[in-house]
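Participant: Just passing along the structure, written as structure tokens.
The values are calculated or read from the model by the stated rules, or taken from the named source; none is laboratory data. Everything quoted here is computed from the prediction, not taken from an experiment. Cβ placement follows ideal geometry from the backbone for every residue including glycine, while neighbour counts extend to all protein chains displayed. These accessible areas exclude ligands, DNA and RNA; they are computed on the full protein's heavy atoms, side chains included. Shrake-Rupley method; radii C 1.70, N 1.55, O 1.52, S 1.80 Å.
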Amino acid sequence: MKLKLLASISISLLVARWRQTLVAAVGVTFSITMFIALLSFMAGLNAMLDGLIINRTAHIRLYNEIQPSSFQPIEHYGPLENGHHFIRSIKPKNDRMGIYNSAAITETLKHDKRVMGVAPKITTQVFYNVGATDLAGVINGIDVDAETKLFSFKDYVVQGNYIDLKNTPNSIVLGKGAAEKMLVQLGDVIQISTPKGEQFQLKVVGFFQSGLQEIDKVQSYCSTQTTQKILGESNTFMSDIQMKLVDINMAPAMAKEYHKVFGIEAVDIQTANSQFETGTKVRTLISYVVGITLLIVAGFGIYNILNMMIYEKMDSIAILKATGFSGKDVNAIFIAIALSIGVFGGLLGLLFGFGLTALIDQIPFNTSALPTIKTYPVDYSMSYYIIASIFSVFTTYLAGFLPARKASRIDPVIIIRGK
Amino acid sequence: MGKAILEAKGISKFFHDPNTIKVLDGISFTLEKGEFVSITGKSGCGKSTLLYILSTMDTDYEGDLFIDGQSMRNRKEKELARVRNAQIGFVFQFHYLLNEFNVLRNVMLPGLKLGVLTEEEIEHAAINKLKILGIENEALKMPNQLSGGQKQRVAIARALINDPLIIMGDEPTGNLDKKNSEIVFDIFQELATNYQQSLLIVTHDQEFAARTKRIIEMEDGRIIN
Ligand SMILES: Nc1ncnc2c1ncn2[C@@H]1O[C@H](COP(=O)(O)OP(=O)(O)OP(=O)(O)O)[C@@H](O)[C@H]1O
Ligand SMILES: [Mg+2]
């Protein structure tokens, strides 16, 4: 009953100043619309840019680094009493690149519940022989199925069928940049030479485009078996073990753990690609700052209209108080006005925000660097709508707070005497 | 002697701006049920100031005020608002209707605030009050469509809506012509005789004052008669 009465008074005041009210509400609508569109678009872009690197990067990579032993024989001797030993120019001994015991390690990892998937990899330097010249390149020997599952390998094979890499012996998926330099077509046979000088012929079954030119110019893919053959290694040879985790944030801790347990190098994605995370964070931060700034500006709009309304309605407020409305009632009336502007403007903003996001989603965005993307990327996450709603209610409440308090403190005697 | 519904006990009031002056000096009097009393005095003698205190809108005074036997000192703002709502009807020199609402709604508002009756009952009561004041035909007009005298009658109807113990007026006819003043006075008279309504009206109009049951005459913040 009482709430209904206060609400009806609020509505009457609102309707009496509907133009200004509308302007204030449009301010809120605009800021919420932009807030949602901006965040959805930014998040979409972030996801795309992250996808460019992070989706295709292992959360943890295990490998064997060829490095000089950190423990030299003389150190068996213990600390010297009357001197100090200097050993300079230590060289690593001829060690193999592969991970010892890779099969056992892979098995262990597959049973670790924190690990989402494991993909082996063999990386080797090669030269693509093009007529009289040699182009430097890198061949990644991959397990086609695991690589597709974990790193969307399939999406980046822009010509040819990715599965041929697994099914055709001695086949290769060439980086698009490399293929262009070599003037190679699908189905051609190319010749490569290994670091040890051996030559090898491979059939081109596809082209690969990552979106990063530097990578596409050098990298190519073969199956693990083919790569092992190229290198003349056994079928257990692996140079890297890549894995994706259930929770990416656990990568640094788990990398340390694996380093200890398996005694091999382990690098986590955060360490290897810290710049990407920073970029993502900064972009997100900027969009939030812009969005919230818009909301604050809208808040000032509401603050203004309420102040004006209170100034104009001094007499009405005085009369309400003289006829028995308490300061609290008057306060509630003006808070209700502020909130209804916020809620109404905010709801429209949510709708328009969704509309604008959907519109951005339709705008064509074709770039040779990103073969899988056809329109501008957006992220339709609910969370932006929730945050926007909370913020619009919160800012309008704040904007209404001071004017409402001012109204509730109006002394009717001063107003009535002033006439 | 009837029952005392309003009692002022030694009410004094100071203004401190620009320098301290005593505007009211130990005002004491009682008002009984059904009494029609006018307050007169020279301009600036403190009549309005006294009325604001008696109507509980001004709480910055010395002395004590009893309405219906209850002291109004040290009451919370909300409780005083309730007293104004339920027990006091105020009529100002300027009519002070809410322009956003029509006449009927203006009259109903204090009743809705009181919240004792349902909306239909309040509407019914409001129409009754408008009838008493002879303006039931204006019920659905907006305030700015009324003449000054009609507005003042609407304000009186609003003051009556909760059947208050007392109606206070600060020069309610001060802004009206002779004819309309006459009408308003007759209405007050009728309320006092037919409905035993207590009234306390500040006026400059000697003729008006002379026709009330009792005149309180003030000078320099004191009651002299
Ligand atoms: N806010 C204020 N600050 C200082 N002095 C004030 C204030 N309000 C009123 N006064 C003074 O208090 C005195 C009484 O004022 P009040 O309005 O009660 O007079 P009044 O009897 O109603 O006069 P009138 O018949 O002209 O309406 C006046 O001298 C006035 O100057
Ligand atoms: Mg006065």
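Participant: Run A:Thr236 past the list (1) assigned to a loop (DSSP other than H, G, I, E, B); (2) crowded, with 19+ Cβ neighbours inside 10 Å and report the number of the one that doesn't hold.
Facilitator: (2)
Participant: Given (1) within 14 Å of chain B (Cβ to nearest Cβ); (2) assigned to a helix (DSSP H, G or I), identify the lone condition not met by A:Ile410.
Facilitator: Against the list (1) within 14 Å of chain B (Cβ to nearest Cβ); (2) assigned to a helix (DSSP H, G or I), A:Ile410 comes up short only on (2).
Participant: Taking B:Phe66, is it touching a residue at least 40 places away in the same chain (Cβ under 8 Å) and crowded, with 18+ Cβ neighbours inside 10 Å?
Facilitator: Answer is no for this residue.
Participant: For the condition within 26 Å of A:Val26 (Cβ to Cβ), within 14 Å of chain B (Cβ to nearest Cβ), open to solvent by less than 60 Å² (accessible area, probe 1.4 Å) and over 21 Å from the mean Cα position of the chain (by Cα), what is the one hit in A:Ala338, A:Ala332, A:Ala318?
Facilitator: Just one listed residue meets the conditions, A:Ala332.
Participant: When only residues in the stretch B:196-225 that are surrounded by 15 or more Cβ atoms within 10 Å (Cβ to Cβ) and among the polar types (S, T, N, Q) count, which is nearest to ligand 2 (Cβ to nearest atom)?
Facilitator: Result: B:Thr203.
Participant: Wholly within the stretch B:91-208, which helices (runs of 4 or more DSSP H) include no fewer than the required count, namely at least 3 residues that are in contact with a helix residue (DSSP H, G or I) (Cβ under 7 Å, 6 or more places away or on another chain) and within 16 Å of ligand 1 (Cβ to nearest atom)?
Facilitator: Filter on the stretch B:91-208 gives an empty set.
Participant: Of the conditions (1) under 29 Å from A:Glu257 (Cα atoms); (2) open to solvent by 30 Å² or more (accessible area, probe 1.4 Å); (3) aliphatic (A, V, I, L, M), A:Leu45 clears all except one; give me its number.
Facilitator: It is condition (1) that A:Leu45 fails.
Participant: Within the stretch A:55-72, how many residues turn out to be in a loop (DSSP other than H, G, I, E, B), open to solvent by 40 Å² or more (accessible area, probe 1.4 Å) and in contact with a strand residue (DSSP E or B) (Cβ under 6 Å, 6 or more places away or on another chain)?
Facilitator: 1
This table checks each residue for (1) crowded, with 21+ Cβ neighbours inside 10 Å; (2) out of contact with any strand residue (DSSP E or B) (no Cβ under 7 Å at 6 or more places or on another chain).
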residue	(1), (2)
A:Phe208	yes, no
A:Leu212	no, yes
A:Lys217	no, no
A:Ser220	yes, no
A:Gln225	no, yes
A:Leu231	yes, no
A:Asp240	yes, no
A:Met243	yes, no
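Participant: Among residues belonging to the stretch B:78-87 that are facing another protein chain (nearest Cβ under 7 Å) and without any contact (Cβ under 8 Å) to a residue 24 or more places away in the chain, point out the one that is farthest from B:Asn137 (Cα to Cα).
Facilitator: So the residue we want is B:Lys78.
Participant: Restricting attention to the stretch B:54-77, and to residues there that are within 14 Å of chain A (Cβ to nearest Cβ) and within 18 Å of B:Ala159 (Cβ to Cβ), which single residue is farthest from ligand 2 (Cβ to nearest atom)?
Facilitator: Filtering first and then ranking leaves B:Ile67.
Participant: Here is a further query. I'm trying to understand the selection: among the residues of the stretch B:88-118, which are open to solvent by 50 Å² or more (accessible area, probe 1.4 Å) and either touching a His at 6+ places or on another chain (Cβ under 9 Å) or more than 8 Å from chain A (Cβ to nearest Cβ) (or both)?
Facilitator: The answer is B:Arg105, B:Val116, B:Leu117, B:Thr118.
Participant: Listed residues A:Ser31, A:Ser10; which is open to solvent by less than 10 Å² (accessible area, probe 1.4 Å), away from every other protein chain (no Cβ under 14 Å) and either without any contact (Cβ under 8 Å) to a residue 12 or more places away in the chain or not basic (Lys, Arg) (or both)?
Facilitator: A:Ser31
Participant: Considering each of A:Tyr384, A:Tyr397 in turn, give the residue that is in contact with a helix residue (DSSP H, G or I) (Cβ under 7 Å, 6 or more places away or on another chain), open to solvent by 50 Å² or more (accessible area, probe 1.4 Å) and either touching a residue at least 40 places away in the same chain (Cβ under 8 Å) or within 14 Å of another protein chain (Cβ to nearest Cβ) (or both).
Facilitator: One residue alone meets the criteria, A:Tyr397.
Participant: Okay, moving on. With over 22 Å from B:Asn85 (Cα atoms) and at pLDDT below 90 as the only criterion, which of B:Gly134, B:Gly115 stands out?
Facilitator: B:Gly134
Participant: Could you tell me whether B:Asp177 is touching a strand residue (DSSP E or B) at 6+ places or on another chain (Cβ under 6 Å), open to solvent by 50 Å² or more (accessible area, probe 1.4 Å) and either away from chain A (no Cβ under 14 Å) or in contact (Cβ under 8 Å) with a residue 60 or more places away in the chain (or both)?
Facilitator: Judged against the criteria, B:Asp177 is not a match.
Participant: Would you be able to say whether some residue in the stretch A:304-315 is under 39 Å from the mean Cα position of the chain (by Cα) and outside any helix (DSSP H, G or I)?
Facilitator: For the stretch A:304-315, residues under 39 Å from the mean Cα position of the chain (by Cα) and outside any helix (DSSP H, G or I): absent.
Participant: Sticking with this structure for a sec: Considering only residues that are aromatic (Phe, Trp, Tyr) and within 13 Å of ligand 2 (Cβ to nearest atom), which ones fall in the stretch B:31-53?
Facilitator: Residue satisfying the conditions is B:Tyr52 alone.
Participant: While we're here: Give the residues of the stretch B:159-174 that are more than 11 Å from the chain's Cα centre (by Cα) and either buried (at least 23 other Cβ atoms within 10 Å of the Cβ) or farther than 17 Å from B:Gly34 by Cα (or both), sorted by residue number.
Facilitator: Answer for the stretch B:159-174, where residues must be more than 11 Å from the chain's Cα centre (by Cα) and either buried (at least 23 other Cβ atoms within 10 Å of the Cβ) or farther than 17 Å from B:Gly34 by Cα (or both): B:Ile161, B:Asn162, B:Thr173, B:Gly174.
Participant: If you go through the stretch B:183-195 one residue at a time, do you hit one that is of a type outside the set (S, T, N, Q), within 16 Å of ligand 2 (Cβ to nearest atom) and closer than 24 Å to B:Asn106 by Cα?
Facilitator: Checked against the condition, which is being of a type outside the set (S, T, N, Q), within 16 Å of ligand 2 (Cβ to nearest atom) and closer than 24 Å to B:Asn106 by Cα, the stretch B:183-195 yields no hits at all.
Participant: OK, next. Filtering the stretch B:7-30 down to residues that are exposed (fewer than 15 other Cβ atoms within 10 Å of the Cβ) and within 14 Å of chain A (Cβ to nearest Cβ), which residue is farthest from ligand 2 (Cβ to nearest atom)?
Facilitator: In this case the residue turns out to be B:Asp17.
Participant: With the stretch A:73-188 as the region, which strands (runs of 3 or more DSSP E) entirely inside it contain at least 1 residues that are surrounded by 13 or more Cβ atoms within 10 Å (Cβ to Cβ), in contact with a Cys (Cβ under 6 Å, 6 or more places away or on another chain) and at pLDDT 85 or above?
Facilitator: The qualifying strands (runs of 3 or more DSSP E) are A:133-142, A:171-175.
Participant: Sticking with this one: Out of (1) open to solvent by 20 Å² or more (accessible area, probe 1.4 Å); (2) assigned to a helix (DSSP H, G or I); (3) of a type in the set (A, V, I, L, M), the odd one out for A:Val378 is which?
Facilitator: For A:Val378, the exception is condition (2).
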